[in-house]
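Below is one structure, written out as structure tokens; comments come after it.
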Amino acid sequence: MSDKIKKTVTFPATYESLAAISKFVIAAAEAAGLSDKATYGLQLAVDEACSNIIEYAYEDLEAQGITCTCRVNDRSITITLRDEGRPFNPKDAPEPDLCSPLEERQVGGLGLYFIHQMMDEVRFSCESDGTNVLTLVKHRS
Amino acid sequence: MSDKIKKTVTFPATYESLAAISKFVIAAAEAAGLSDKATYGLQLAVDEACSNIIEYAYEDLEAQGITCTCRVNDRSITITLRDEGRPFNPKDAPEPDLCSPLEERQVGGLGLYFIHQMMDEVRFSCESDGTNVLTLVKHRS
Amino acid sequence: MDYTLEEFKHCDLLSVSGRIDSQTAPELAEALDDILDQGRYNIVLDLNDVLFISSAGLRVLINTQKQCKRLNRGEVVLARVPERIYEAMDLAGFIPLFEIFDDKVHAVGYF
Amino acid sequence: MDYTLEEFKHCDLLSVSGRIDSQTAPELAEALDDILDQGRYNIVLDLNDVLFISSAGLRVLINTQKQCKRLNRGEVVLARVPERIYEAMDLAGFIPLFEIFDDKVHAVGYF
Ligand SMILES: Nc1ncnc2c1ncn2[C@@H]1O[C@H](COP(=O)(O)OP(=O)(O)O)[C@@H](O)[C@H]1O
Ligand SMILES: Nc1ncnc2c1ncn2[C@@H]1O[C@H](COP(=O)(O)OP(=O)(O)O)[C@@H](O)[C@H]1O
């Protein structure tokens with residue numbers, strides 16, 4: 001199915017970019033006519049994924065870019081995030097702690113948990129040139 | 001100067017009438033185009049005067065009526081209150097206590113004080129048939 | 001006149017609407033006395049929806065304030081006093097006798 | 001992200017607006033730590049104008065709650081949580097950890 005909208009922007013891989021990345025995602029979601037709720041979920045998933053790229057994939061490497069592509073067609077909205085940092089497959093997500101009492105509650109793992117909860121498909125690949133590609137797909141209901 | 005509006009209503013001399021009397025006064029004030037502030041002042045003066053007629057003039061007499069007349073012309077709005085109770089000239093107003101510290105503060109006398117503060121003219125007469133007539137005038141600025 | 005009462009940890013919030021005149025002032029006095037009878041003396045009186053207060057209503061306010069402040073056991077404060085009512089209270093010399101707040105949050109937070 | 005702080009008798013009200021993400025969460029943590037550093041542990045966090053909270057923001061909330069509740073010295077409560085943010089907190093299992101109020105008056109009155 002051919003895309004109706006396709007836009008790509010490369011952002012500096014720093015936390016300062018997160019607001020601009022959200023804006024980019026929201027614009028695509030609105031153009032696609034997603035609901036408020038779905039738009040927020042998309043924004044949350046992308047923010048968590050980009051935060052992780054900045055924090056972990058580029059950790060001690062010289063920060064480069066995150067290339068963000070939004071594709072919209074009648075069936076879905078797809079966000080692709082590309083980076084040149086350390087590869088990481090989000091399938092290897094740790095189980096988050098959602099139930100412990102306050103004193104014992106650990107908040108690690110919520111980022112990946114949100115990504116999986118908010119998106120219908122989450123795919124990771126590392127290309128031959130070392131580019132990591134994270135593909136997040138939200139079906140339109 | 002001839003009146004543009006003149007309306008008369010007789011209300012039972014009980015506290016239950018106060019809300020209806022206020023409504024009557026507000027309607028006249030609005031028809032006359034008085035400001036919010038002047039309307040509130042008129043409402044307050046009439047409410048205090050009627051409360052006093054009910055409480056003091058008719059005290060232990062069988063409660064009869066309060067006849068309320070509103071007259072509006074280009075220069076002023078005039079409210080006349082007629083009752084058949086004990087006569088009382090509001091000139092004989094006690095000085096209210098506006099300054100004492102809380103413990104010593106007495107609230108007696110505020111009613112007549114409000115009447116004199118809110119109105120430009122306050123006149124009392126007792127007619128030969130025993131009717132008390134209180135005339136309250138507010139000039140239009 | 002109508003009112004609703006909400007009980008908080010350090011104060012009670014009584015929100016009043018309508019007219020407080022010689023007819024309804026006794027109902028307000030009763031509502032306030034009920035609070036005092038529970039040994040609660042910190043009261044926020046929200047006047048936002050009050051359309052009119054006569055001297056009979058002012059008398060209730062001051063009597064309650066006297067009872068609350070006795071023995072330093074509490075205080076009545078006012079929230080959201082409508083302009084016309086503020087002017088009448090000012091004329092009557094009531095402003096120094098009550099803390100007045102622009103909103104309920106600050107009034108409740110005062111206690 | 002922006003915030004304003006109001007200090008009341010029994011609690012502090014921190015009203016936050018904008019985005020709470022990995023970029024701004026440390027600023028929120030600092031604002032909250034400043035309150036705790038003053039020995040004040042009862043905090044109302046008004047989230048009405050918050051547009052977005054990521055897990056980095058949730059981490060700040062839970063760390064502050066842990067510090068406040070330690071030794072029973074206080075508590076963080078939330079006021080006016082926007083629907084989307086409530087849903088994310090619910091997914092994350094945060095709802096049992098915070099008292100949540102529909103308005104600021106009830107949140108401040110809780111303390
Ligand atoms: N892009 C990434 N590169 C390397 N490691 C990652 C990446 N994303 C996540 N991780 C690892 O997965 C863990 C869980 O991530 P996340 O769910 O976002 O929670 P948190 O960052 O709060 O620990 C991280 O602690 C990190 O070890
Ligand atoms: N219509 C009236 N008839 C007889 N006495 C009145 C009348 N109006 C007022 N008074 C007297 O004037 C006093 C002051 O009245 P007012 O200013 O309304 O204050 P309050 O009613 O609170 O004492 C009253 O206590 C009463 O003794």
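The values are calculated or read from the model by the stated rules, or taken from the named source; none is laboratory data. What you are looking at is a predicted structure, and each value in this text was computed from that prediction instead of being measured. Counting neighbours? That spans all protein chains shown, and the Cβs are built from the backbone with ideal geometry, glycine included.
Among residues of the range B:113-126 being outside any strand (DSSP E or B) and within 15 Å of ligand 2 (Cβ to nearest atom), the one that is nearest to residue B:64 (Cα to Cα) is B:115. Of D:60, D:105, which residue is touching a helix residue (DSSP H, G or I) at 6+ places or on another chain (Cβ under 6 Å) and under 22 Å from residue C:13 (Cβ atoms)? Step by step, each of D:60, D:105 is checked, and only D:105 is touching a helix residue (DSSP H, G or I) at 6+ places or on another chain (Cβ under 6 Å) and under 22 Å from residue C:13 (Cβ atoms). For the range A:46-88, the set of residues classified as near ligand 1 (Cβ under 9 Å from one of its atoms) and more than 14 Å from chain D (Cβ to nearest Cβ) consists of A:83, A:85, A:86, A:87, A:88, listed by residue number. Taken together, the residues in the range D:47-103 that are of a type in the set (A, V, I, L, M, F, W, C) and within 22 Å of residue A:49 (Cβ to Cβ) amount to 15. Just give me the residues in the range B:1-19 being over 13 Å from the mean Cα position of the chain (by Cα) and within 10 Å of chain C (Cβ to nearest Cβ), in sequence order. Correct list: B:14, B:15, B:16, B:17, B:19. The set of residues in the range B:88-141 being closer than 22 Å to residue B:38 by Cα, in contact with a Pro (Cβ under 9 Å, 6 or more places away or on another chain) and modelled with pLDDT under 95 consists of B:109 alone. Filtered by the rule that a residue be of a type in the set (Lys, Arg) and within 16 Å of residue B:45 (Cα to Cα), the range B:75-105 gives B:82, B:91. Scanning the range B:123-141 for residues that are over 21 Å from residue C:53 (Cβ atoms) and surrounded by 13 or more Cβ atoms within 10 Å (Cβ to Cβ) yields a total of 10.
Only one of the listed residues (D:22, D:17) is polar (S, T, N, Q), surrounded by fewer than 16 Cβ atoms within 10 Å (Cβ to Cβ) and at pLDDT 95 or above. That residue is D:17.
Residues in the range C:40-68 that are more than 13 Å from the chain's Cα centre (by Cα) and surrounded by fewer than 21 Cβ atoms within 10 Å (Cβ to Cβ) were compared, and the one that is farthest from residue B:47 (Cα to Cα) is C:40. With the structure loaded, tell me whether residue C:3 is more than 16 Å from ligand 2 (Cβ to nearest atom), among the hydroxyl-bearing types (Ser, Thr, Tyr) and over 13 Å from the mean Cα position of the chain (by Cα) or whether it fails that test. So residue C:3 does not fit the description; no. Selection within the range A:100-112: residues that are surrounded by 15 or more Cβ atoms within 10 Å (Cβ to Cβ), more than 12 Å from the chain's Cα centre (by Cα) and in contact (Cβ under 8 Å) with a residue 12 or more places away in the chain. The member of this set that is nearest to ligand 2 (Cβ to nearest atom) is A:110.
In the range C:1-24, the qualifying residues are those that are in contact (Cβ under 8 Å) with a residue 12 or more places away in the chain and within 22 Å of residue C:70 (Cα to Cα), and the one that is farthest from the other protein chains (Cβ to nearest Cβ) is C:14. Select from the range D:58-111 the residues that are aliphatic (A, V, I, L, M), more than 10 Å from every other protein chain (Cβ to nearest Cβ) and in a helix (DSSP H, G or I) and list them in ascending order. Of everything in the range D:58-111, those that are aliphatic (A, V, I, L, M), more than 10 Å from every other protein chain (Cβ to nearest Cβ) and in a helix (DSSP H, G or I) turn out to be D:71, D:89, D:95. Scanning the range A:20-44 for residues that are hydrophobic (A, V, I, L, M, F, W, C) and within 10 Å of chain D (Cβ to nearest Cβ) returns A:21, A:26, A:44.
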